[in-house]
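To start, the structure itself, in structure tokens.
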Amino acid sequence: MHYKITHITKYDYTDKVSLSYSEARLMPRNCKNQQVISSTLDIEPYAADFRIREDFFGNHVAYFSMQQAHHAFTITAVSEVQLQENPAQLDFYQGYTWEAVRDLLAQQTHSTKQTADTLDARQYTLDSPLVAVTTELAEYATLSFTPSRSITGAVNDLMQRIYKDFTFDPDFTTLATPLATVLEHRRGVCQDFAHLAIGCLRSVGLAARYVSGYIETLPPAGEAKLIGADASHAWFSVYVPEQGWIDFDPTNNQMPNTQHITLGWGRDYADITPLKGVIFGGQQHELDVSVHVECLME
């Protein structure tokens, strides 16, 4: 699948901004079934200081500043990616048990099974700024992580339960809504459901990371797709020895394949925020975000 993604973010300020510093994580990265063909950023007004680097997790980060006064700011990210069918069709009834993976990640002494990837995955077993393990998360996870169950079978069951138990409600949460509130009221959005799953997995000693990206959406039957009608999306990955990181999307109850486009990943949303920065002035602002995912070729 060949996709073109156009992501436009626009800020309008009630007063002038005299100076701003920003970081954007809006450029997709290459991964096991995704190849980036091209990726560009267009910034208005002109960014005098612009450079691209990789962050700790290997995501592409654009740093820029605008040193002239302005009342509006627009950043347009245009990328093309090629997605291949994921060859890993999982057998949920074979392979590692979740306890075996937990014990491997918890080992303090070196063993032949502790590869560089396994050692790297250990950082994703720890609490992160937006996801802290609690008794409530552990209790919710317990129903899926029964004794001697395969890790993929247990995670798949957790994904299905979140999909069935929680209601997608874009008006219920904000970026500041605690995970405990999401768990109590059983409502939220894709970001919340990814955080919830990550918290559950870490509560049983497994490594889980947050994935930021896009998903191709289809219009109702007989209707044309509206430009800009798509949105950013989020899901999670779990680490499985020998297989690596395996993606699960609890919002849609599916394993991502050729409709999920990966921007990047981190411990939680705070590590992979699409756009953040500091401005001097501006007062109040209006934010408008438009995303369009176009399939160019199957």
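Observations on the model:
- In a DSSP loop and with at most 14 other Cβ atoms within 10 Å, the GluC sites (Glu not before Pro) in the stretch 192-273 are GLU223, GLU242.
- The stretch 8-27-the stretch 157-220 distance, computed between alpha-carbon centres (Å): 28 Å
- Cβ-placed point charges (K, R +1; D, E -1), dipole of the chain about Cα centre in debye, nearest 20: 500 debye
- Chain lengthening between THR181 and THR146 when straightened (0.36 nm per residue, less Cα-Cα): 10.0 nm
- Helix 151-165 and the long axis of the chain differ in direction by around 60°, with both axes built from C-alpha atoms.
- Charged side chains reduced to their Cβ positions (Lys and Arg at +1, Asp and Glu at -1) give the stretch 98-271 a dipole of some 280 debye around its Cα centre.
- Extending 7 Å from Cα along the Cβ direction at GLN68 and again at ILE52 yields two label points whose distance is 2.4 nm.
- The residues TYR124, TYR269, TYR163, sorted by heavy-atom accessible surface at 1.4 Å with ligands and nucleic acids left out, run TYR163, TYR269, TYR124 from largest to smallest.
- When peptides 166-179, 145-158 are sorted by average Cβ neighbour count within 10 Å, with the highest value leading, the order is 145-158, 166-179.
- Restricting attention to the chain, lysine pairs at least eight places apart or on different chains and with alpha-carbon atoms under 20 angstrom apart total 4.
- Taking all protein chains into account, the per residue accessible area for the stretch 225-298 stands at 46 Å² (1.4 Å probe).
- Evaluated over the stretch 98-271, the Cα radius of gyration and Dmax, each in Å: 16.4, 60
- Cβ-placed point charges (K, R +1; D, E -1), dipole of the stretch 143-236 about Cα centre in debye, nearest 20: 380 debye
- Summarising the label geometry, the points placed 7 Å from Cα in the beta-carbon direction at ASP15 and VAL278 lie 1.8 nm from one another.
- The chain: angle of helix 190-203 to the longest principal axis, Cα-based, in degrees nearest 10: 30 degrees
- Model label sites at ASP169 and GLN84, defined 7 Å from Cα along the beta-carbon direction, differ in position by 4.3 nm.
- Highest-MSF residue in the chain out of ASP49, ASP247, ASP117 [GNM, Cα springs under 10 Å]: ASP49
- Whole-percent carbon and sulfur share, accessible surface of the stretch 98-271, 1.4 Å: 53 percent
- The chain: most fluctuating residue of GLU184, GLU44, GLU99 per GNM, C-alpha cutoff 10 Å: GLU184
- Furthest towards positive pole of dipole, GLY95, ILE198, ASN257, structure part the chain, Cβ charges: GLY95
- Relative contact order %, the chain, counting alpha carbon pairs below 8 Å whose residues are six or more apart: 30 percent
- Accessible surface of CYS31 - all protein chains present, 1.4 Å probe, nearest 10 Å²: 40 Å²
- Here is how the number arises for the chain: DSSP H runs of 4 or more residues each give -39500 (n - 2.57), the sum is divided by the residue count, and the result at 222 nm is -6000 deg cm²/dmol.
- Across the stretch 98-271, the mean sequence separation of Cα contacts (distance under 8 Å, 6 or more residues apart), normalised by length, yields a relative contact order of 27 percent.
- Calculated FRET efficiency for the pair LYS4/LEU126, C-beta based, R₀ 30 Å, to 0.05: 0.20
- Around the amide H of TYR96, modelled in the peptide plane, lie the amide H atoms of ILE151, all under 5 Å away and 5 or more residues distant in sequence or on another chain.
The values are calculated or read from the model by the stated rules, or taken from the named source; none is laboratory data. Given the structure is predicted, the values throughout are model-derived calculations rather than measurements. Positions of Cβ are generated from backbone atoms using ideal geometry, with glycine treated the same way; all protein chains shown enter the neighbour counts. Each accessible area value is taken on the protein alone, full model and side chains, heavy atoms only, with ligands, DNA and RNA left out. Shrake-Rupley method; radii C 1.70, N 1.55, O 1.52, S 1.80 Å.
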